[in-house]
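What follows is a short report on a single structure.
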Number of protein chains: 2
Amino acid sequence: MEGEVKEYQVAALLMAIYFQGLDPAETRTVTRIMMESGERWTWSDEGGPLGDKHSTGGVGDKVSLILAPLCAACGVRVPMVSGRGLGHTAGTLDKLETIPGLRTDLEKDDYDRLLREVGFAMGGQTESFAPLDRETYALRDVTGTIESIPLITASIMSKKLAEGLEGLVLDVKWGDGAFLRERERARELARSMIEVGESFGVPTEALLTDMESPLGRTVGHALELKEAVEVLKGRDPEPRLLEVTTALAERLLVLTGAAPDEKEAGRAVREALQGGTAFDKLVAMVRAQGGDPAPIEDPDLLARAPCRLEIRAPQDAVLAGLPARRVGRLLVELGGGRRTKGEEIDRAVGLVFPRAVGDRLAAGEPWAVVHARDRTGAEKARGVLESIVAWSNEPVPPRPAVTERLSRMQ
Amino acid sequence: MEGEVKEYQVAALLMAIYFQGLDPAETRTVTRIMMESGERWTWSDEGGPLGDKHSTGGVGDKVSLILAPLCAACGVRVPMVSGRGLGHTAGTLDKLETIPGLRTDLEKDDYDRLLREVGFAMGGQTESFAPLDRETYALRDVTGTIESIPLITASIMSKKLAEGLEGLVLDVKWGDGAFLRERERARELARSMIEVGESFGVPTEALLTDMESPLGRTVGHALELKEAVEVLKGRDPEPRLLEVTTALAERLLVLTGAAPDEKEAGRAVREALQGGTAFDKLVAMVRAQGGDPAPIEDPDLLARAPCRLEIRAPQDAVLAGLPARRVGRLLVELGGGRRTKGEEIDRAVGLVFPRAVGDRLAAGEPWAVVHARDRTGAEKARGVLESIVAWSNEPVPPRPAVTERLSRMQ
């Protein structure tokens with residue numbers, strides 16, 4: 001941070017770590033140094049325990065938008081700090097900002113007030129957390145050393161630990177659309193993050209979740225926000241999205257002590273969704289963060305793309321596969337994602353998949369709807385989708401959404 | 001060289017190569033790029049074939065001072081470019097400059113004249129060879145990536161190949177005082193350099209030679225020059241020093257075609273040493289490079305240290321070991337070496353070992369003579385030598401000096 005160590009030496013160190021790895025104690029040290037380079041939050045004793053979730057990112061992943069108000073409704077204070085989208089995965093913050101007027105540039109004072117008044121807050125990556133990680137990340141980006149388990153661990157955990165949590169759940173995705181495609185690599189990252197979290201006294205668990213195909217039925221900012229709102233209203237949630245969200249919420253309730261055990265946590269989560277208290281928390285947060293709650297109450301008021309195009313099954317067949325990464329890139333091509341930092345995005349465009357992998361469709365039945373700016377974009381997207389979708393005549397077993405749970409004991 | 005690639009990216013690349021290595025084609029490419037970053041010499045067709053030797057460096061290694069005039073006397077033109085000493089190994093150039101007036105800052109024009117008039121020349125590392133290697137080496141130094149076989153190969157061979165040779169012999173040392181201590185690593189480096197040399201059409205061979213203890217009887221600039229001169233005069237050469245030097249010379253004669261086979265090469269080398277023609281070549285070179293030949297004719301005229309201290313065997317015993325690296329460092333401590341580049345050195349100080357490892361000594365017989373600036377330095381050196389020398393009651397077989405010969409076919 002003071003320029004004392006030259007960039008070329010840091011670059012060489014990063015490459016050495018990339019190839020040689022770090023042991024748990026070294027990973028912890030790097031995490032600590034990064035965390036201590038910036039601000040660290042502490043909280044008032046009043047209110048429930050403090051918890052948060054981190055996801056390694058996926059396509060159609062709107063879990064945070066549901067999980068934060070859901071856990072808040074169950075008594076956990078959630079000071080959620082989220083990132084923006086880059087590349088084939090869209091960011092929670094960008095989805096949230098579909099709501100007119102909503103502020104995400106929150107300071108610690110805002111978090112204090114929001115946690116007191118609402119129970120949770122959702123803001124953007126503050127500059128004050130782990131500035132050393134920002135510097136290091138920029139250098140990793142230009143030296144090809146991003147994909148290193150210990151460096152990813154330190155980057156994620158230094159910021160999450162700076163939030164001052166009492167429990168942390170990690171959604172580590174694997175499969176086509178995940179940052180780490182291989183399950184074994186995802187497991188390795190999960191173990192490394194759990195080890196570091198626990199070594200700082202923060203109860204930490206991870207779920208490995210499947211990211212072969214998009215999560216839920218929608219991909220795109222306004223569309224995903226709408227899907228999240230409908231899950232919070234208890235309206236016909238897509239089963240895999242519900243499975244991932246409730247599993248993470250239940251573990252966070254148990255980890256933080258907000259629920260005595262898994263059974264009670266499950267009950268609390270179900271009640272918060274069915275009873276509307278989770279949805280009420282979202283509305284309260286939107287209001288408290290300066291947003292207009294109307295499009296939350298009635299998601300049809302959210303931005304809508306002018307052109308819609310239904311894509312239909314060519315014949316009776318089972319939907320066998322929909323590669324998530326290519327779908328994520330398609331959103332970028334429609335204008336709904338960033339190729340470079342700071343780029344403007346169109347929050348209205350996106351894709352809806354009314355049917356899931358494993359479903360049998362009749363010939364002519366719509367399996368995708370493109371929401372595009374214009375007909376040309378929509379037709380291009382159709383071409384891509386028809387080229388990547390896989391059909392089968394045989395039954396295709398649905399893939400489980402949560403494939404593994406990891407905690408320190410394992 | 002144009003600053004287009006950032007230093008941090010080069011540093012990351014060097015570290016990646018350090019851990020991942022390069023395959024032969026990649027090593028050749030890096031060597032070629034480095035070589036092509038600078039000047040490349042070509043020679044007149046008149047005169048013998050062009051050959052040179054490179055050594056990875058050792059303690060007491062005065063082979064170049066003997067080999068260059070010896071091969072010149074046998075009909076090989078030797079445009080030898082040598083380095084300065086740094087750390088525990090002294091440099092050929094520094095030893096040569098013990099001769100008053102002798103110029104080593106030779107330009108290509110000087111080499112042309114010297115090869116025409118004398119048959120060989122010994123100059124310093126020219127700035128015009130492989131400037132990219134210089135830049136890269138500086139970055140390797142500060143990023144801990146010096147010890148990488150492909151990078152060492154490219155660094156050495158880019159400069160040697162720029163000399164425009166028709167044959168190259170490599171003295172790759174292993175053991176305590178060598179740059180690469182392990183024999184297997186030395187072998188790996190030898191193979192890599194041979195592969196690159198041959199791929200550029202330069203017949204290249206390597207000898208692996210032992211560097212557990214110092215080579216020859218002397219360590220120190222004036223002392224080593226004197227020993228070299230005495231070998232050239234055929235006066236009682238130390239057997240291991242003679243073995244390494246003649247083996248390298250013979251292979252270079254065969255490789256360049258200056259001798260039809262090993263037998264003829266051996267005969268030519270013996271005659272040049274015994275007949276005085278090798279020594280005459282040295283005198284001619286010294287004269288042609290502006291030096292005073294008197295101290296070559298009579299080495300007692302060379303600089304001499306004011307204080308001498310004999311160290312004697314404490315009892316009847318066999319000299320079992322004398323670790324070369326520590327002896328090399330001792331020369332630096334006496335003032336006869338550089339800790340940092342450009343430092344002044346005392347060319348008169350040094351060490352003489354009248355007896356070799358494997359010799360049986362009587363109690364009180366001198367086994368080392370310290371040549372120091374003063375009594376304090378000499379006593380300190382005595383302490384070090386007495387602490388590192390190993391004695392044995394059992395016979396100790398002498399170690400062979402040349403342990404392996406490597407050529408492309410192997």
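The values are calculated or read from the model by the stated rules, or taken from the named source; none is laboratory data. Because the structure is predicted, anything quoted here is derived from the model rather than measured. Ideal geometry is used to build each Cβ from the backbone, glycine not excepted, and the neighbour counts take in all protein chains shown. Ligands, DNA and RNA are stripped out before the accessible areas are found, and what is left, the full protein with its side chains, is counted by its heavy atoms. Shrake-Rupley method; radii C 1.70, N 1.55, O 1.52, S 1.80 Å.
List the lysines whose Cα sits under 24 Å from the Cα of residue A:173, skipping any in the same chain fewer than 8 residues away.
Here the lysines satisfying the reach criterion relative to residue A:173 are A:53, A:62, A:95, A:159, A:160, A:226, A:341.
How much solvent-accessible surface does residue A:200 expose, in Å² to the nearest 10, with a 1.4 Å probe and all protein chains in place?
50
Rounded to whole Å, give me the distance from the Cα center of region A:232-263 to that of region B:326-372.
The distance from the Cα centre of region A:232-263 to that of region B:326-372 comes to 76 Å.
Quick check: net charge around residue B:311, other residues with Cβ under 9 Å of its Cβ, Lys/Arg +1 and Asp/Glu -1?
Numbers: positive: B:312, B:382; negative: B:310, B:386.
Summing Lys and Arg as +1 and Asp and Glu as -1 gives 0.
When DSSP assigns beta bridges and you keep just the ones with both residues in chain B, what percent turn out antiparallel, to the nearest 5? Show your work: numbers first, answer last.
Numbers: 21 of 39 bridges.
That works out to approximately 55 percent antiparallel.
Let me know the charge dipole size of the protein assembly as shown about its Cα centre in debye, to the nearest 20, where only the beta-carbon of Lys, Arg (+1) and Asp, Glu (-1) is charged. Let's see the in-between values first.
On the way: 106 positive and 130 negative charges, 109 e Å.
My answer is approximately 520 debye.
Give the span of chain A's Cα atoms along each principal axis, as three whole-Å numbers ordered largest to smallest.
62, 47, 40
Hey, what's the Cα Rg ratio for the protein assembly as shown versus the globular rule of thumb, 2.2 N^0.38 Å?
Numbers: Rg = 37.2 Å, N = 820, 2.2 N^0.38 = 28.2 Å.
For the protein assembly as shown, the normalised Cα radius of gyration is 1.32.
For chain B, what does -39500 (n - 2.57) per DSSP helix run (n ≥ 4), summed and divided by total residues, give at 222 nm, in deg cm²/dmol to the nearest 500? All intermediate terms of the calculation are to be shown ahead of the outcome.
Working: 15 runs with 180 residues, N = 410.
So the calculated ellipticity at 222 nm is -13500 deg cm²/dmol.
Who wins for biggest fluctuation among A:70, A:331, A:302 in a Gaussian network model of chain A, springs between alpha carbons below 10 Å?
A:302
Most fluctuating residue of A:124, A:197, A:350 in a GNM of chain A with Cα springs under 10 Å: which is it?
A:124
For region B:10-61, what is the charge dipole size about the Cα centre, in debye to the nearest 20, if Lys and Arg each add +1 at the Cβ and Asp and Glu each add -1 at the Cβ? Before the final figure, lay out the partial values.
Numbers: 4 positive and 8 negative charges, 41 e Å.
Here the size comes out at about 200 debye.
Given a 1.4 Å probe and no ligands, DNA or RNA in the count, how much accessible surface is buried by A and B, both sides, to the nearest 100 Å²? Working shown, then result.
Numbers: alone 17280 and 17330 Å², together 33510 Å².
By this definition, chains A and B bury close to 1100 Å².
Would you mind checking which residues have amide H under 5 Å from residue B:173's amide H? H placed 1.01 Å from N; only 5 or more apart, or other chain.
Residues meeting the amide H criterion: B:56, B:57, B:209.
Which of the listed residues, B:156, B:387, B:201, is farthest toward the dipole's positive end in chain B, when Lys, Arg count +1 and Asp, Glu count -1 at the beta-carbon?
About the Cα centre, the residue reaching furthest to the positive side is B:387.
Ratio of Rg to Rh for region B:108-164, alpha carbon only, Kirkwood? Show your work: numbers first, answer last.
Values: Rg = 14.2 Å, Rh = 12.9 Å.
Across region B:108-164, the Cα-based Rg/Rh ratio is 1.10.
Tabulate in residue order the Karplus-calculated ³J(HN,Hα) for region B:75-90, using 6.51 cos²θ - 1.76 cosθ + 1.60 with θ = phi - 60°, rounded to whole Hz; enter x for Gly and Pro.
Each residue of region B:75-90 in turn: x, 9, 7, 10, x, 6, 10, 10, x, 8, x, 8, x, 7, 10, 7 Hz.
Give the accessible surface of region B:186-345 per residue, rounded to a whole number of Å², with probe radius 1.4 Å and ligands, DNA and RNA excluded. Spell out each step's value before the answer.
Numbers: 6270 Å² over 160 residues.
Each residue of region B:186-345 exposes 39 Å² on average to a 1.4 Å probe.
Determine the distance separating the Cα centre of region A:84-111 from the Cα centre of region A:151-181; give it in Å without decimals.
18
Which of the GluC sites (Glu not before Pro) found in region A:134-228 are in a DSSP loop and have at most 13 neighbouring Cβ atoms, other than their own, within 10 Å?
Details: sites: A:135, A:147, A:163, A:166, A:182, A:184, A:188, A:195, A:198, A:205, A:212, A:224, A:227; in loops: A:147, A:163, A:166, A:182, A:212.
Here the GluC sites (Glu not before Pro) that fit, given the DSSP loop and packing criteria, are A:147, A:182.
When Cβ neighbours within 10 Å are restricted to other protein chains, what is their mean count per residue of peptide B:216-224? Could the numbers behind the result be given before it?
On the way: counts 0, 0, 0, 0, 0, 0, 0, 0, 0.
Mean inter-chain Cβ contacts per residue within 10 Å come to 0.
Which whole number gives the average, over all residues in B:143-151, of C-beta atoms from other chains lying within 10 Å of the residue C-beta?
Values: counts 9, 4, 3, 0, 0, 0, 0, 0, 0.
Averaged over the peptide's residues, the number is 2.
So for region A:248-353, averaging the separation of alpha carbon pairs under 8 Å that are six or more residues apart and normalising by length, what relative contact order in percent results?
In percent, rounded to a whole number, it is 14.
I want the antiparallel fraction of DSSP beta bridges within the protein assembly as shown, as a percent rounded to 5.
55
Debye calculation, C-alpha points only, no solvent: report log10 I(q)/I(0) for region B:264-392 at q = 0.09, 0.11, 0.18, 0.19 Å⁻¹, in the same order as the q values.
With no solvent term, the Cα-only Debye profile gives -0.39, -0.56, -1.04, -1.06.
Among A:380, A:53, A:160, determine the one that fluctuates most according to a GNM of chain A built with springs between C-alpha atoms less than 10 Å apart.
Its mean-square fluctuation being the largest, the pick is A:380.
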